[in-house]
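Shown next, in structure tokens, is the structure this report addresses.
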Ligand SMILES: [Cu+2]
């Protein structure tokens, strides 16, 4: 096992061995924060001394163990004023016999920008609403109302401002073997709802038993100008992801791209599988200094983040890949909206996406550093065409617009030595 982590767990392990206690042995890999991330957390706690009278509920620590995979997530959730749902200190344990691997120091939205097609208004629903408060979703008077609204197995936690649900998802199938393999995984889902005038913003984080993290945001609610408001507008969600893979330092990020070479004549029709055709190749480019990158649909771009030393048991480098799940690309004249990905060196004061161009001004190194990734995904609420022509918004949006989502996945690579779902052989090292 070549996995190297920065956790200080060796003392616990040898003590557990000496005691021979099963109960204690189960604790030998209790969640621990790597020293460099712990120092950041201590500094952040000092900066964010609780304000007297603030309604923000305290953070809630969670350890969620998945009985089927025997993997676990440990993390802290908090519904914060201005930002909504904030995830801190997320670490993943592949099995009870391996240490937790630290993944995420702080994940939150750094802006929700809502420019209307007509040019105004242009709302910064995080930067411009410092007093935004997550909705109280339970207990809600009458006391039992939220139990009908968020029926079991959902729970309301975090001072009544976070919905939690553990559920199954279809992970894997193989009907080439007899008997067929069908595997359901398990995931824990958290969401909070940030109120911004007429809109409700749903901020959802899902943590899966295979180490994946699924993040999305949705907008819903009555339209800003009343039921028959026909003004189109965009919701640009920019996430600030302070990833501390295996600890804060020694992280590097790459832009991955697919490139298809189209210098081939069109194949005959109908085509034959053995006909030669256009070729493709995949590449990854190190992002060496702070800056921005584009998501281009033909290039399937992603951001992939590595720790310098973290490997799986096959000696392959472990990474997390930010894979966009999007329906379009919003561009406006605000400079930070001109790119989809940004990478900055960690600075606790750099928290609002609208300031991104100033955050990269120094072009600090982003190789083997403490990095923050920023990603923007947009949801388009269509309006009526120019001059009131065109099909316009759906009648189904007349009173309250149903939830429209955008988001991304954080997919681990070489975290496990093989798929945690399939009973087949292990890859050769
Ligand atoms: Cu909208």
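General remarks:
- Within the option set 171, 248, being more than 21 Å from residue 324 (Cβ to Cβ), touching a residue at least 60 places away in the same chain (Cβ under 8 Å), crowded, with 20+ Cβ neighbours inside 10 Å and touching a helix residue (DSSP H, G or I) at 6+ places or on another chain (Cβ under 8 Å) holds for one residue only, 248.
- Qualifying residue in segment 254-266 (condition: buried (at least 17 other Cβ atoms within 10 Å of the Cβ) and within 16 Å of the ligand (Cβ to nearest atom)): no
- Within segment 374-426, considering residues that are in a loop (DSSP other than H, G, I, E, B), more than 14 Å from the ligand (Cβ to nearest atom) and loosely packed, with under 12 Cβ neighbours inside 10 Å, the one modelled with the lowest pLDDT: 389
- Residue count for segment 197-224, restricted to those that are without any contact (Cβ under 8 Å) to a residue 60 or more places away in the chain and under 17 Å from residue 167 (Cβ atoms): 2.
- Filter result for residue 339 (surrounded by 14 or more Cβ atoms within 10 Å (Cβ to Cβ), within 24 Å of the chain's Cα centre (by Cα) and over 20 Å from residue 242 (Cβ atoms)): no
- Flag for residue 23 being surrounded by fewer than 20 Cβ atoms within 10 Å (Cβ to Cβ), in contact with a helix residue (DSSP H, G or I) (Cβ under 9 Å, 6 or more places away or on another chain) and modelled with pLDDT under 75: no
- Residues that are out of contact with any strand residue (DSSP E or B) (no Cβ under 7 Å at 6 or more places or on another chain), over 30 Å from residue 424 (Cα atoms) and part of a loop (DSSP other than H, G, I, E, B) do not occur anywhere in segment 198-211.
Matching residues to (1) modelled with pLDDT of 90 or more; (2) over 25 Å from residue 374 (Cβ atoms); (3) within 15 Å of the ligand (Cβ to nearest atom):
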| position | (1), (2), (3) |
| --- | --- |
| 126 | yes, no, no |
| 130 | no, no, no |
| 139 | no, yes, no |
| 145 | no, yes, no |
| 154 | yes, yes, no |
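- Within segment 228-253, restricting attention to residues that are in a loop (DSSP other than H, G, I, E, B) and away from the ligand (no atom under 14 Å from the Cβ), the residue that is modelled with the lowest pLDDT is 228.
- Among residues that are more than 16 Å from the ligand (Cβ to nearest atom) and either surrounded by fewer than 23 Cβ atoms within 10 Å (Cβ to Cβ) or modelled with pLDDT of 95 or more (or both), residue 206 is included.
- Breaking point among (1) touching a residue at least 12 places away in the same chain (Cβ under 8 Å); (2) away from the ligand (no atom under 16 Å from the Cβ); (3) in a strand (DSSP E or B), for residue 115: (2)
- Failed item in (1) surrounded by 17 or more Cβ atoms within 10 Å (Cβ to Cβ); (2) farther than 30 Å from residue 223 by Cα; (3) modelled with pLDDT under 95, with residue 187 passing the rest: (3)
The values are calculated or read from the model by the stated rules, or taken from the named source; none is laboratory data. Values in this document were obtained by computation on a predicted structure and should not be read as measured data. So basically every Cβ, Gly included, is an ideal-geometry build from the backbone, and we count neighbours across all protein chains shown.
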